[in-house]
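The structure appears below as structure tokens.
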Amino acid sequence: MADEAGGLVIDPMHQFQIHPLFGEGPLTWYTPTNQTLWLGIAVVVISLLMLIGSAPRKVIPGRTQSITELLYTFIHDMVEEVTGHEGAKFFPYLMVLFTFIVTSNLLGLIPGSFAPTSHIAVTAVLALMVFLTVTLVGFYKKGIGFLGMFWVSSAPLVLRPILALIELISYFVRPLSHSIRLGGNIMAGHAVMKVFAGFAGVMGIASIVPIAAIAAIYGLELLVAVVQAYVFTILTCVYLRDAVGEAHH
Amino acid sequence: MSTTETVAGAAGEASQKGMPQLNFATWPNQVFWLLVALVIIYIVLTKIAMPRIASVLAERKGRISGDLAAAEELKSKAKAAEKAYNLALEQARVEAGKIILATKAEIQKDLNAAMADADAQISAKAAESEKRIAEIRAGAVQAVSEVARETAGALVVALGGTADDAAIEAAVAARLKG
């Protein structure tokens, strides 16, 4: 792909390689990999933050307690606002989603680290979990009436079958767009930084330009890391509203 | 079907080439470890962290609303106290006014009594003095008429007449009147 361009060797995708953490052996389904390591680090970071932050239980919170409470109320308000009171029981689920994605994204920005959320496998599992939850809860709550969201009753009768087809397709495209939006954003950001880093290695004194560019893109990627986690979570809320809330069409 | 098989088969060896994301040979591994991570996070959050945070937030909310209610109560108490104070002040004013009026009336009464007393004393003294003056005057008139009668009798005798008491008396009285 981006192999040789006049002696310049840039392989921006190499950073996404998954390899066994110990030894060379074949990659089985349980082999601990570099991705496993960073998933574990994310788990440890989240657990420490949430446990240390929730331990003091002070009425006037300290710094760590403020962060956890901010996270908690932020997601709680989002769930209540978007899915309504009915969706509030999905709050723990969304809390896990948001904390995991935002932590993975931010940890992935540490130079030399690995972002699990840059892998479509990871984001696809997250998105499929949301898709299955919405579909199952929708049918459980509304029965066959859940299909009513595909039948746009506010549209002219002639258009309704066509709109139903479009709605149906868009419904099944959701997990795809949901997962690729997150994975693609993280992957692209990391790849772009790698490309600039490759330039910086061969440009001598002029490499100040790509280094400045990396610094700028790094700032952007910090924003992207948080925004994409937010987008993933709020889209999950929007999808859940279809399943539990009033029809919004 | 055959194409997907070749892709999957080649993915293992050709992973150094294409996108690592599309190397499906790594997917079972990724999915397994992701699910492990999510389950651990879920347990930590729902069993420990979130109940704690929820209780702290509820406690804070209760505390704040309790404090607000207490402040409201104190405010109403202060208002009541102010009202009571104003009322007491008003009452004291009224009371003071009453006392002033009563005292004034009492003083007036005393004054009137003293004045009446003094007037009575003065008029009594004046009446007494008048009586004395009248007595003195009467005494003087009598003395004068007596002296005049005696003088007139002596004159009559000296002139060689006989003193007729009744005639002298009448003459003196006539003179004194004139």
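The values are calculated or read from the model by the stated rules, or taken from the named source; none is laboratory data. Owing to the predicted nature of the structure, the values given are computational and were not obtained by experimental measurement. Glycine gets a Cβ as well: all are built from the backbone with ideal geometry, and neighbour counts include every protein chain shown.
Assess whether B:Thr46 counts as being over 13 Å from A:Val96 (Cβ atoms) and at the interface with chain A (Cβ under 7 Å from one of its Cβ atoms).
Details: over 13 Å from A:Val96 (Cβ atoms): no; at the interface with chain A (Cβ under 7 Å from one of its Cβ atoms): yes.
Considered against the rule, which asks whether it is over 13 Å from A:Val96 (Cβ atoms) and at the interface with chain A (Cβ under 7 Å from one of its Cβ atoms), B:Thr46 comes out as no.
Scan (1) surrounded by 13 or more Cβ atoms within 10 Å (Cβ to Cβ); (2) facing chain B (nearest Cβ under 10 Å) for the single condition A:Phe146 breaks and write down its number.
(2)
Collect the residues in segment B:58-104 that are away from every other protein chain (no Cβ under 14 Å), of a type in the set (Gly, Ala, Ser) and within 26 Å of A:Thr73 (Cβ to Cβ), keeping them in residue-number order.
Once the filter is applied, which keeps residues that are away from every other protein chain (no Cβ under 14 Å), of a type in the set (Gly, Ala, Ser) and within 26 Å of A:Thr73 (Cβ to Cβ), segment B:58-104 yields B:Ala69, B:Ala70, B:Ala71.
Quick check: anything in segment A:173-182 away from chain B (no Cβ under 14 Å), out of contact with any strand residue (DSSP E or B) (no Cβ under 6 Å at 6 or more places or on another chain), assigned to a helix (DSSP H, G or I) and modelled with pLDDT under 90?
Scanning segment A:173-182 turns up no residue that is away from chain B (no Cβ under 14 Å), out of contact with any strand residue (DSSP E or B) (no Cβ under 6 Å at 6 or more places or on another chain), assigned to a helix (DSSP H, G or I) and modelled with pLDDT under 90.
How many residues does segment A:112-143 hold that are modelled with pLDDT under 90 and surrounded by fewer than 13 Cβ atoms within 10 Å (Cβ to Cβ)?
Looking only at that region, the number is 2.
Yes or no, residue by residue, for (1) surrounded by 12 or more Cβ atoms within 10 Å (Cβ to Cβ); (2) within 11 Å of chain B (Cβ to nearest Cβ); (3) at pLDDT below 90:
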site: A:Met1; (1), (2), (3): no, yes, yes
site: A:Thr36; (1), (2), (3): yes, yes, no
site: A:Leu48; (1), (2), (3): yes, yes, no
site: A:Ile52; (1), (2), (3): yes, yes, no
site: A:Thr64; (1), (2), (3): yes, no, no
site: A:Thr68; (1), (2), (3): yes, yes, no
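Could you run through segment A:23-34 and say how many residues are exposed (fewer than 13 other Cβ atoms within 10 Å of the Cβ) and of a type outside the set (Val, Ile, Thr)?
Going through segment A:23-34 one residue at a time, the tally reaches 6.
Answer with yes or no whether A:Gly143 is assigned to a helix (DSSP H, G or I), at positive phi and out of contact with any Phe, Trp or Tyr (no Cβ under 8 Å at 6 or more places or on another chain).
Details: assigned to a helix (DSSP H, G or I): yes; at positive phi: yes; out of contact with any Phe, Trp or Tyr (no Cβ under 8 Å at 6 or more places or on another chain): yes.
Yes; evaluated as a whole, the condition is true for this residue.
Could you list all residues from segment A:22-34 that are closer than 25 Å to A:Thr99 by Cα, more than 7 Å from chain B (Cβ to nearest Cβ) and assigned to a loop (DSSP other than H, G, I, E, B)?
Within segment A:22-34, just A:Pro32 meets the criteria.
Suppose we filter B:Ala174, B:Ala134, B:Ala148, B:Ala138 for residues that are surrounded by 11 or more Cβ atoms within 10 Å (Cβ to Cβ) and at pLDDT below 95; which single one remains? Please lay out each step first, then the result.
Details: B:Ala174 fails: surrounded by 11 or more Cβ atoms within 10 Å (Cβ to Cβ); B:Ala134 fails: surrounded by 11 or more Cβ atoms within 10 Å (Cβ to Cβ); B:Ala138 fails: surrounded by 11 or more Cβ atoms within 10 Å (Cβ to Cβ).
Exactly one residue qualifies, and that residue is B:Ala148.
Quick check on A:Thr73: is it more than 19 Å from A:Ala225 (Cβ to Cβ) and either in contact with a Lys or Arg (Cβ under 6 Å, 6 or more places away or on another chain) or surrounded by 19 or more Cβ atoms within 10 Å (Cβ to Cβ) (or both)? Reasoning before the result, please.
Values: more than 19 Å from A:Ala225 (Cβ to Cβ): yes; either in contact with a Lys or Arg (Cβ under 6 Å, 6 or more places away or on another chain) or surrounded by 19 or more Cβ atoms within 10 Å (Cβ to Cβ) (or both): no.
Criteria not met by A:Thr73.
I'd like to verify a number: residues in segment A:76-97 that are part of a helix (DSSP H, G or I) and either more than 14 Å from every other protein chain (Cβ to nearest Cβ) or farther than 22 Å from A:Val227 by Cβ (or both), how many?
Looking only at segment A:76-97, we keep the residues that are part of a helix (DSSP H, G or I), and these are A:76-83, A:85-97.
Retained after the next criterion (residues that are either more than 14 Å from every other protein chain (Cβ to nearest Cβ) or farther than 22 Å from A:Val227 by Cβ (or both)): A:78, A:81-83, A:85-89, A:92.
Final tally of qualifying residues: 10.
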